[in-house]
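Scroll down for the structure; my scribbles are underneath it.
The values are calculated or read from the model by the stated rules, or taken from the named source; none is laboratory data. Predicted, not measured: the structure shown is a model, and the values here were computed from it. Here Cβ is always computed from backbone atoms with ideal geometry, including for glycine, and neighbour counts include all displayed protein chains. Protein only, heavy atoms only, side chains kept; ligands, DNA and RNA dropped before computing areas. Shrake-Rupley method; radii C 1.70, N 1.55, O 1.52, S 1.80 Å.
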Amino acid sequence: MSVFREAELRYLAGGRQLGRIATVGADGTPHVVPVAWIYNAARDTIDVGGYELERSKKFRDVARTGRAAIVIDDLARTDPWRPRGIEIRGRGEAIALPTPLIRIHPERIVSWGLERGRSARTVAQ
């Protein structure tokens, strides 16, 4: 069973490919950058990829801290204004081989605009 709700899974499967990953640098400074991602249904995780990922600051940050967050969002429409999205915070893995990726294991999920109201919860791991 997934830690994501049905509406969240539908949103993650909806063709969006761009998100923003947040990590924390060695000096405590937040770092946020756009990334490509996929929902890994077999592991119930968000997997982040990118060009020369293993040489990036975000990869080093996750390797050092074991933490990451990602926001995936868009506008369902602009008139009336209707943003929607999902924020996933959790344990991060910096995996170098065979294909470099950052894997985010959800611990806290916040979603908005996918169903009525806002949904925020901590998930058991």
Q.
Of all residues being assigned to a strand (DSSP E or B) and not aliphatic (A, V, I, L, M) in the stretch 12-32, which is surrounded by the fewest Cβ atoms within 10 Å (Cβ to Cβ)? Just the residue, please.
A. 30
(Q) I'd like to verify a number: residues in the stretch 38-49 that are surrounded by 13 or more Cβ atoms within 10 Å (Cβ to Cβ) and touching a residue at least 24 places away in the same chain (Cβ under 8 Å), how many? (A) 8
Q: Could you identify the single residue in 77, 64 that is in a strand (DSSP E or B), open to solvent by 40 Å² or more (accessible area, probe 1.4 Å) and basic (Lys, Arg)?
A: 77
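Table: residues versus (1) in contact (Cβ under 8 Å) with a residue 12 or more places away in the chain; (2) under 30 Å from residue 115 (Cβ atoms).
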position	(1), (2)
21	yes, yes
28	no, no
53	yes, no
60	yes, no
63	yes, no
75	no, yes
79	no, yes
